[in-house]
Amino acid sequence: MSMSVTFLGTGGSVPNRFRNLPSVLVRRGPELLLFDCGEGTQKQFLQARAGMNREMRIFISHLHGDHLFGLPGMMHSLSFMGRTRELEIIGPKGIVQFVRGVNRVVKLYAQFPIIVREVSAGRVVIDPEYEVRAVWARHGIPCLAYALQEKPKSGRFDPAKARRLGIPEGPLWKKLQSSPSITFGGKRIRSRLIVGPPRRGLKLTYAVDTRPCKEVERLARDSDLLIHDSCFDESSAAKAKDYGHSTATEAASLAKRSKVNRLVLFHISAMYEDPKPLLRQAKRVFPHTILCEDMDTIHLTP
Ligand SMILES: [Zn+2]
Ligand SMILES: [Zn+2]
């Protein structure tokens with residue numbers, strides 16, 4: 001199944017002229033997963049043409065305003081746009097009170113059920129095709145980092161080979177993909193002659209508002225894409241430490257240790273109107289680093 005990642009907001013703490021507040025939209029086939037919902041996310045979501053009535057989960061990392069002030073607006077917009085499907089919101093302790101509080105004070109007219117779940121470290125979503133795990137990041141308040149890991153996929157089916165062996169298209173082709181062998185024309189035919197080896201699923205890790213730490217490093221291991229707090233450049237390393245954030249260089253070192261494929265610098269402080277120095281510094285440590293603009297999309301393929 002295809003997976004794409006659209007950066008609805010790549011800034012942090014407060015927006016600036018170029019960057020909105022944190023929100024990452026993952027499209028996995030017809031399903032949507034939204035990581036954080038900073039203020040203004042609803043507008044970016046609309047611009048991304050994500051579809052308002054899709055199966056959707058929102059993951060909130062922590063209860064700092066820049067990561068969840070977009071939720072009321074998002075729920076309001078989805079109500080106005082006629083969403084009918086359930087919406088699941090997942091986050092650390094306090095998220096239930098926040099969503100309930102908004103719903104109590106503001107009349108949202110939501111025509112769809114809103115399920116809010118408070119989670120801790122561990123497996124927070126178990127889907128037949130993927131799971132999402134969370135660990136505690138290292139920040140001033142409880143903050144979760146999430147990793148979406150797809151389950152291994154079956155190997156590639158080679159129709160030409162199947163035809164060469166005279167196996168007719170239909171239920172036998174299906175069986176070849178789901179069992180180790182089939183019986184055809186009185187003979188046993190091993191599936192691996194026609195179906196390639198199992199393919200690994202994609203992995204995406206989202207770790208914002210955190211110091212570099214072992215928990216995130218382990219969570220991110222072998223990710224296809226790591227989206228990591230890169231609030232500051234090297235000259236503000238002390239500030240990063242004081243405020244529970246990371247520099248771009250620290251994010252790059254962690255990406256290298258975690259052996260990820262690509263790193264996206266994220267939660268860029270509003271004080272950088274031109275954050276190219278962050279990219280330069282990170283690339284010295286980990287060349288496969290990307291600096292995204294709001295609304296950029298990355299397509300992931302296994
Ligand atoms: Zn933040
Ligand atoms: Zn924070």
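Measuring between their Cα centroids, segment 203-220 and segment 8-60 lie 20 Å from each other.
For the pair residue 274 and residue 295, label points projected 7 Å from Cα toward Cβ lie 2.3 nm apart.
Within the chain, the longest segment free of exposed loop sites, counting GluC sites (Glu not before Pro) that fall outside DSSP classes H, G, I, E and B and have at most 12 other Cβ atoms within 10 Å, spans 170-272. May I ask for the distance between the Cα centers of segment 221-258 and segment 96-148, given as a whole number of Å? When both Cα centres are located, 24 Å separates them. Once the Cβ-Cβ distance of residue 239 and residue 84 is raised to the sixth power relative to R0 = 51 Å, the FRET efficiency obtained is 0.65. Note: relative contact order over segment 59-158, using C-alpha pairs below 8 Å and six or more positions apart, is 26 percent.
Fewest-first ordering of 27, 156 by other beta carbons within 10 Å of each residue's beta carbon gives 156, 27. Sorting 267, 76, 67, 299 from the fewest to the most surrounding beta carbons within 10 angstrom yields 299, 76, 67, 267.
Note on segment 134-253: antiparallel DSSP beta bridges, both residues inside, total approximately 70 percent of the bridges counted. In sequence order, segment 96-105 has phi-based couplings of 5, 4, 4, 5, 4, x, 4, 5, 6, 8 Hz under the Karplus curve 6.51 cos²θ - 1.76 cosθ + 1.60, θ = phi - 60°, and Gly or Pro positions carry x. Applying 1/(1 + (r/R0)^6) with r as the Cβ-Cβ distance of residue 47 and residue 131 and R0 = 30 angstrom yields a FRET efficiency of 0.50. Three principal axis extents of segment 210-302 based on alpha-carbon atoms, in descending order, are 36, 30, 21 Å. The alpha-carbon of residue 107 sits under 28 angstrom from the alpha-carbons of these lysines, leaving out residues fewer than 8 places away in its chain: 43, 93. Each listed q (0.08, 0.13, 0.16 Å⁻¹) maps to a log10 I(q)/I(0) for the chain, found by the Debye formula over equal Cα scatterers with no solvent: -0.40, -0.88, -1.20. When the trypsin sites (Lys or Arg not before Pro) in segment 65-135 are filtered for DSSP coil states and for at most 11 other beta-carbon atoms within 10 Å of their beta-carbon, the remaining sites are 93, 107. Dividing the helix sum by the residues of the chain, where each DSSP H run of 4 or more adds -39500 (n - 2.57), gives a mean residue ellipticity at 222 nm of -7000 deg cm²/dmol. For the cross-link pairs 214/239; 161/203; 153/175, the ones whose C-alpha atoms lie over 23 Å apart are 161/203. The fewest-to-most ranking of 106, 125, 99 by surrounding Cβ atoms within 10 Å reads 106, 125, 99.
Any read-out appearing in this document is the output of simple, stated calculations on the displayed coordinates, not a laboratory observation. Please read these numbers as outputs of a predicted model, since none were measured by experiment. Please note: Cβ atoms are built from the backbone with ideal geometry, for glycine as well, and neighbour counts cover all protein chains shown.
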